[in-house]
1. Rg and Dmax of region 94-140, using alpha carbons, in Å: what are they?
2. Ranked by Cβ crowding within 10 angstrom, fewest neighbours first, how are 169, 139 ordered?
3. With a 10 Å radius around each residue's Cβ, average the other Cβ atoms per peptide and rank 87-96, 122-131, highest first.
4. With only alpha-carbon atoms counted, please give the Rg and Dmax of region 86-172, in Å.
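Any read-out appearing in this document is the output of simple, stated calculations on the displayed coordinates, not a laboratory observation. Not measured: the values here are computed from a predicted model. Here Cβ is always computed from backbone atoms with ideal geometry, including for glycine, and neighbour counts include all displayed protein chains.
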């Protein structure tokens, strides 16, 4: 009977772990998914006794670890962050640009570091959805070491039209 109880607890804990992993796709729900898994595992443990409680605790810890790992992987996938808060990032004067033309400039010059569509940059920070303004983009493109003297961003030989276009494009990213 103890073996059956242990197997049932292991089964419940496994289901809880699967639920926790599937819910942790959203970075904000990672901890609640781990809590759900822990609650389910502990409920199964109380029904099966002391031996089951040990197994359930191990499963709950595994669920929590899996959730934390998913959260960390999501943060790593996002790449580096801007070196300073946007509120402190200087702005440069820039003409109104064409975002569609800027997409081509971005693809040719920026995508390799900042990621396709400005998402999931590996070397440079992700730029999509951060609320950066065209003038701030222009400042960083024209003066990459102006905010971060150790910036690895190269000073690109772009025309003022290209800078205006890529600035409009990056500012439009959601």
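1. Reported Rg and Dmax, both Å: 10.4, 29.
2. Numbers: 169 26, 139 22.
With the sparsest Cβ surroundings first, the list reads 139, 169.
3. On the way: 87-96: 13.0, 122-131: 16.1.
Averaged packing, sorted descending, gives the order 122-131, 87-96.
4. 11.4, 31
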